[in-house]
Structure formats: C-alpha cells, structure tokens
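All remarks here apply to the structure that follows.
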Amino acid sequence: MSIALVGLGLIASLVGGAWVIYALQPFSHRGGLFVAAFALLAWLARGLRRDGVQAATTSGVRAARWRVPRSIRKFVIGVLGVWCGLIAWSAVSPGGPMPTPKKAPDDIRVLNWNILHGDDEGPPWIRRGWPARKKALRAVLRAAGPDILCVQEALDGQVKFLEAELPNHRRVGVGRDDGRSAGEYCAIYFDADRFEPLDGGTFWLEEPADEPPDDPALGPKRICTWARLRDRRGGATLRVYNTHLYLTERARQRAVRIILDQVETGDAADEVLIVGDFNAPPGAPSRALFNAAGLVSAAELAGEPIGLPTFQFYGIRFRGLDDVYLGRSWRRIRYQIVDAKPGNIFPSDHFGILADLRGEP
C-alpha cells in the first residue's frame, strides 16, 4: 500500500476518532462505553501482536496486501487508549459546590448557561446525554432559584422542559432557524412575580437582522434574544441580552457590533446586561468591544478572577467562554461559576455563571 494511502488512512482515522470522541462524550452510562472501547482496543492490540509473530509465508504476504496497515491500526489503538482515559476521567473528575440561596431578597439573581443541545430520543450523538443531564440541571436550578435564567443551545424540547421546571417564569425567545421553534434558542426566563415585561424579541447577527436564514443547512445564522423588564421592587428597568456568538473572530466582532447597535437604540436609563456563550476568551478583540462600550465582566466587579474555565470536555476544564457583562452602576455583586456535578453528572459541557446583582442607579 502506498505512502499516500497510508497517510489518507491516518487522516481519516484522526477525523473519525475525533468525531466519535466529541459526539459520544459520556455524561452517564460511562461504564458501558468504557467496556466497549476497551474491548475494541484489546481486540486490535491482540491482532497486532499476532501479526508481529506471524511467519512470513507466501500466503501471509499475499494476505497482508489486503490488511489495514500496522501504522493505521497502531494509531487507532492509540486513539482508543486516549478515549478510555478520557471516559475514566469524566467519571472521577470533581465537581464544585451547589449554589446557595441569595443572601438578600432584593438582589437579582442571574444565571447564564449554555446547556448543550440534546434530545430525549435518537442515537447517542443526538441525545448528548440529555435524559440524564436534565435531571442534574433540574437539581442545580432548584438550588439556585434564579430570578432570570438565560440559556444557549436549547432546542425546542429543552425549552419546554425548562418552562415546566420554572412554572412561575415567563420566556422570551424563538428558534434561530425559522423564528419560531426550529433550531437553537437563546432563551430568557424571568420571574413574573418579580418583573413586569415591557418589551423583548430576537434579532439575528447577520443582515438582515430581523429575518431568519433562507436556508439553515448552509450554516447557522446566530441570534440574540432580549427582554426589557421593570423590577417590581423599586421600579428600576433593565434590558437583558442573551447571545451565542460565532466560532470565528471576524464573525464574532461583526455580531458584537450588531448587538451594541441594538443596545444603543434603547432607553439610556435602563441598566443593561449582556450574557452568553461568547466562544472566545476574555482577551479576544470581540470581547474587548464590550469593555469599549462601558460594560465590564461581573467577575471583575465582584473582585473574582476573570477568565476561569467555563467549558469542560470529559471533565477537563478548558477556557472561559461564557460571561455576564453589565454596567458599573451595580453596587452589589456576587459571582460564581456553577460547576456542580449532581449525581456525578455535569448538566452540560459548559458551566453556569451565577451573579447576584443589586443596582443603585
């Protein structure tokens, strides 16, 4: 077999292995997946050893022409070994504490969370562990008791689950693919007893900003959902913007400018919160645009470290992609990364961001 074909085989193995590892990240049922991956690894390793001691007979040489090259098999064995290690770490990796109740009833508790799209039915790469994750998410939500909950990546079934879990909250937001229920939501839920809704809606982060994409199959046209609320305790008004930005920096900067243009059209007396999964670390130019507009991370105002990991993969903590941006008029800030693991299950591949706020305009 030519070197070119071996190279293509290695590339195909790398791409295929990466997709399997990403799509099958286990949030539950890790034991069965580990056994299956380890059994396949052992079977391939056994075959590799057997080939190594096989006598180089004529028939053996002829058969070897049709056998997957040893280099590719070794590579696949290595990928499987890494996967087994990741599965094991996802089971033993520690979680953080559960949220505690607000210290002051007048504080506004905001919880921001990319909950990872998933479904109750379908193959594993469609379910994404949602049947188990939603139980963990329920436990955290009940402990946190958010006044305002902002979620990204939620599909229609997940939106309905949250509506059932938060019966006293009202929702703003639509699916990005058709402006109704198709595709991912950036939904905002607010406590109807605490807040009076004044306005709200969803706009898209590409022009035309008031229309969904013509063909979602060509790529996502991302969105920002917003709500204008009046706090029944004191009468202050605030606007909450919830978004999930693009994967490339140029597209993120374009999207942030659209969001900030929308913010500028609102009442200057409103307090503004911009929350979401920004798909970039705090030092990225796209996130610096928020700072240039006079907004600051809730972590900074609370005196907490900025940019702590909010994205996890098999329990390994990576970059801080999520945040809550707000104006400096807030006088009381409590900030927490919600990395709890109820029942040894992370609710998502992202951690939540919790901020208790009190404004004194």
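The values are calculated or read from the model by the stated rules, or taken from the named source; none is laboratory data. Everything numeric here is computed off the predicted structure, so don't read it as measured data. We place every Cβ from the backbone using ideal geometry, glycine too, and count neighbours over all the protein chains shown.
Select from segment 1-23 the residues that are buried (at least 17 other Cβ atoms within 10 Å of the Cβ) and closer than 30 Å to Val92 by Cα and write down the one among them that is modelled with the highest pLDDT.
Residue satisfying both the conditions and the ranking: Ile21.
Out of all the residues in segment 193-224, which are within 24 Å of Pro146 (Cα to Cα) and among the aliphatic types (A, V, I, L, M)?
Once the filter is applied, which keeps residues that are within 24 Å of Pro146 (Cα to Cα) and among the aliphatic types (A, V, I, L, M), segment 193-224 yields Leu198, Ile223.
Considering only strands (runs of 3 or more DSSP E) fully contained in segment 216-282, which possess at least 1 residues that are more than 21 Å from Ser297 (Cβ to Cβ)?
Ranges flagged: 223-231, 237-244.
For the condition of a type in the set (Lys, Arg), more than 21 Å from Tyr335 (Cβ to Cβ), surrounded by 15 or more Cβ atoms within 10 Å (Cβ to Cβ) and modelled with pLDDT of 95 or more, what is the one hit in Arg109, Arg170?
Just a single option satisfies the conditions, and that option is Arg170.
For a quick check of your reading of the model, give me the residue pairs whose first member lies in segment 16-38 and is at positive phi and of a type outside the set (Lys, Arg), whose second is modelled with pLDDT of 90 or more and assigned to a helix (DSSP H, G or I), with beta-carbon atoms closer than 6 Å and at least 6 apart or on different chains.
none
Can you tell me which residue is farthest from Pro281 (Cα to Cα) among those in segment 310-337 that are part of a strand (DSSP E or B) and within 13 Å of the chain's Cα centre (by Cα)?
Phe313
Just one of Ala144, Ala182 is crowded, with 20+ Cβ neighbours inside 10 Å, small (Gly, Ala, Ser) and out of contact with any Ser or Thr (no Cβ under 7 Å at 6 or more places or on another chain); which is it?
Unique residue meeting the criteria: Ala144.
Determine which single condition Leu198 fails, assuming it passes every other condition in (1) modelled with pLDDT of 95 or more; (2) out of contact with any Leu (no Cβ under 7 Å at 6 or more places or on another chain); (3) surrounded by fewer than 20 Cβ atoms within 10 Å (Cβ to Cβ); (4) not in a loop (DSSP other than H, G, I, E, B).
Exception for Leu198: condition (2).
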